[in-house]
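First up is the structure itself, then whatever we jot down about it.
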Amino acid sequence: MIFLGIDAGTQGVRATAADENGILIASAHRSYEHFNLAPELMINRGYREQAPDEWWSALREVLIEIRPDIMKAAGDMSAAVTAVCIDGTSGTIVPLDENDRPIGNAIMYNDVRGNGGKALPKVRWCNENGAGPEHIKPARYVHHADYIAGRLTGEFGITDWSNALKSGYDVRKESWTAEAIEAFGPNLSKVAACGTPAGEIRTDDRELAYLNGAKLVAGASDGYMSAVATCAVNPGEWASIIGTTLILKGVTKNYIDDPNGCVYCHKHPQGYWMPGGASNVGGRCLNEWFGEENFEMLNRTAAEKTPTGMLEYPLMVPGERFPFLDGAYPGFGAHNDFTAVIEGIAYVERLCFETLEKLGCEVGDTVYSTGGACRSDIWLQIRSDVLGKTIKVPEITDAAIGGAMLAASGVYYSSLGEAVAHMGRIAKTITPQKSRYEEIYKRFRITAESFLNGK
């Protein structure tokens, strides 16, 4: 059996194929030629647009590149690929005409015509102003992942729980809200549960014919799929993804309602909930303040310097989203010591987990982690010690492997948990060794709260 995950991100697309045991068969990536095609004047006003045809062109190249490895692994199997699952950027919309062709560019999740990355306000804007350079009223709106799925199946009217969440879909009631029905109009997409069969690959493209007959399994947003890729898919398990920013996503038995708006819930294929939040703290500040070319040397010295005793809440610009929502939050610290900054990010991570626990989230003793932070063994150890938790790092960290596992859960295994148990492969396990950060963390938490209260 071969399962294919497709991760359509902000900067490029990746396809990763694995068998039912999680053995990697093929993986390839292409960057998009253009990251923002909005008119220059509009870029200055906050418009963010990409070309759906460019997404498709990059994906087609990737699928052609991995074809030889897939065909070799498939051998005499009747179908080269058993199932395909796709993720895309959350909150991005593609306006389509009556023939399901894009009208101009896609409006990206971070475009100002939305509201905090949500898709529904963008749909309303297009209804009022039209889409594309000719301001045509769209016949249908689809999400990033839905458009790619449509190019592979010919069916553009299906979406999933995860991508629909920011378009006015009520995941608790499993129905569209009245606001969404009014905005999307008569061609409102049907919503499939993540990880369930939602179609079949059918393409006339000879180069991609090897995919024909594969089941399309309903996918998710890119953040959702990245969490699946970490292998955190059971209640009490959490994914901590430290790349440009810090993202936490986990699994709980109960829906988590955050009155402060920092945490929101996706729905898990097995009926659980997947709450999560994103901080503005993360690896971006390290690149800016210390230079990536210096990381190897700085990591070597960090082991000798930690704990520094210095307090850092390392925000590059004011404003925080999680563990609290404050658009003017200043952060604190001198930002001139590499070791202190990576300790500070670990302290923020712990504060986020404590916030989740206060909201009623079950947080177990193990955290599954991906992102650039996982390349540093000393940073992993500092985080494990600060959190007091075991950290596990998967062998394959891209979101597309999460798609492969979700695809397998829909047609081969009985659940996502079973699929990940067979396909998830852990490369590193870091256990907490020392509790020497406790007093420093207490001072950090008090300082963080004092800045929040304006003292």
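Mind counting the residues in the stretch 427-455 that are touching a strand residue (DSSP E or B) at 6+ places or on another chain (Cβ under 8 Å), touching a residue at least 60 places away in the same chain (Cβ under 8 Å) and open to solvent by less than 70 Å² (accessible area, probe 1.4 Å)? Total meeting the criteria: 4.
Given (1) closer than 20 Å to Thr366 by Cβ; (2) surrounded by fewer than 19 Cβ atoms within 10 Å (Cβ to Cβ); (3) of a type in the set (A, V, I, L, M, F, W, C), identify the lone condition not met by Ala209. Of everything listed in (1) closer than 20 Å to Thr366 by Cβ; (2) surrounded by fewer than 19 Cβ atoms within 10 Å (Cβ to Cβ); (3) of a type in the set (A, V, I, L, M, F, W, C), Ala209 misses just condition (1). The sole residue among Ala239, Ala303 that is touching a helix residue (DSSP H, G or I) at 6+ places or on another chain (Cβ under 7 Å) and either open to solvent by less than 10 Å² (accessible area, probe 1.4 Å) or among the hydroxyl-bearing types (Ser, Thr, Tyr) (or both) is Ala239. Taken together, the residues in the stretch 393-416 that are assigned to a helix (DSSP H, G or I) and more than 30 Å from Ser376 (Cα to Cα) amount to 5. Count of the stretch 7-22 residues, restricted to those that are assigned to a strand (DSSP E or B), crowded, with 20+ Cβ neighbours inside 10 Å and of a type in the set (Gly, Ala, Ser), is 4. Of the numbered criteria (1) part of a helix (DSSP H, G or I); (2) open to solvent by 50 Å² or more (accessible area, probe 1.4 Å); (3) out of contact with any helix residue (DSSP H, G or I) (no Cβ under 8 Å at 6 or more places or on another chain); (4) not β-branched (Val, Ile, Thr), the one Leu165 fails is (2).
For the stretch 141-162, residues that are open to solvent by 20 Å² or more (accessible area, probe 1.4 Å) and among the charged types (D, E, K, R) total 2. Of all residues in the stretch 394-419, those satisfying the criterion of being open to solvent by 10 Å² or more (accessible area, probe 1.4 Å) and over 17 Å from Asp222 (Cα atoms) are Glu395, Ser409, Gly410, Val411, Tyr412, Tyr413, Ser414, Ser415, Gly417, Glu418. Checking each residue in the stretch 84-127 for being more than 22 Å from Asn44 (Cβ to Cβ) and without any contact (Cβ under 8 Å) to a residue 40 or more places away in the chain picks out Asn99, Arg101, Ile103. Gly333 meets each of the listed conditions (1) under 25 Å from the mean Cα position of the chain (by Cα); (2) more than 30 Å from Tyr413 (Cα to Cα) apart from (1). Every test in (1) part of a helix (DSSP H, G or I); (2) out of contact with any Ser or Thr (no Cβ under 9 Å at 6 or more places or on another chain); (3) of a type outside the set (Lys, Arg) is passed by Val420 save one, and that test is (2).
Hey, could you check the stretch 168-186 for residues that are within 19 Å of Val142 (Cβ to Cβ) and assigned to a helix (DSSP H, G or I) and say which is most open to solvent (accessible area, probe 1.4 Å)? Ranking the qualifying residues of the stretch 168-186, first place goes to Glu182.
Take the conditions (1) surrounded by fewer than 23 Cβ atoms within 10 Å (Cβ to Cβ); (2) at pLDDT below 95; (3) of a type outside the set (Gly, Ala, Ser); (4) more than 19 Å from Lys358 (Cα to Cα); Asn234 misses just one of them, which is (2). Selection of the stretch 24-46 for residues being open to solvent by 80 Å² or more (accessible area, probe 1.4 Å) and of a type in the set (Lys, Arg) yields only Arg45.
How many residues are assigned to a helix (DSSP H, G or I) and open to solvent by less than 20 Å² (accessible area, probe 1.4 Å) when one looks only at the stretch 47-104? Counting residues in the stretch 47-104 that are assigned to a helix (DSSP H, G or I) and open to solvent by less than 20 Å² (accessible area, probe 1.4 Å) gives 9.
Pairs linking a residue in the stretch 171-189 that is more than 24 Å from Pro275 (Cβ to Cβ) to a residue that is open to solvent by 60 Å² or more (accessible area, probe 1.4 Å), with Cβ atoms under 7 Å and 6 or more positions apart or on different chains, are Ala183/Arg124; Leu188/Ile181.
In the stretch 133-162, which residue that is among the acidic types (Asp, Glu) and outside any loop (DSSP other than H, G, I, E, B) is farthest from Ile6 (Cα to Cα)? Can you show your working first?
Residues of the stretch 133-162 that are among the acidic types (Asp, Glu), as a first pass: 134, 146, 155, 160.
Next cut, outside any loop (DSSP other than H, G, I, E, B) only: 146, 160.
On the way: Asp146: 12, Asp160: 15 Å.
Applying the filter and picking the extreme gives Asp160.
Listed by first and then second residue, the pairs linking a residue in the stretch 1-28 that is among the basic types (Lys, Arg) to a residue that is open to solvent by 10 Å² or more (accessible area, probe 1.4 Å) and in a strand (DSSP E or B), with Cβ atoms under 7 Å apart and 6 or more places separating them unless they lie on different chains, are Arg14/Asp7; Arg14/Ser27; Arg14/His29. Mind listing just one residue for me: the one in the stretch 350-388 that is part of a loop (DSSP other than H, G, I, E, B) and out of contact with any Phe, Trp or Tyr (no Cβ under 8 Å at 6 or more places or on another chain) and, of those, least open to solvent (accessible area, probe 1.4 Å)? Taking the candidates together, the pick is Cys361. Checking every residue in the stretch 281-288 against the condition of being closer than 26 Å to Val191 by Cβ, touching a Ser or Thr at 6+ places or on another chain (Cβ under 7 Å), open to solvent by 40 Å² or more (accessible area, probe 1.4 Å) and not in a strand (DSSP E or B) gives zero matches.
The values are calculated or read from the model by the stated rules, or taken from the named source; none is laboratory data. For clarity, every value in this text was computed on a predicted model and none was experimentally measured. Positions of Cβ are backbone-derived with ideal geometry, glycine not excepted, and every protein chain shown enters the neighbour counts. Remember, those area values only see protein heavy atoms, side chains included, never the ligands or the DNA or RNA. Shrake-Rupley method; radii C 1.70, N 1.55, O 1.52, S 1.80 Å.
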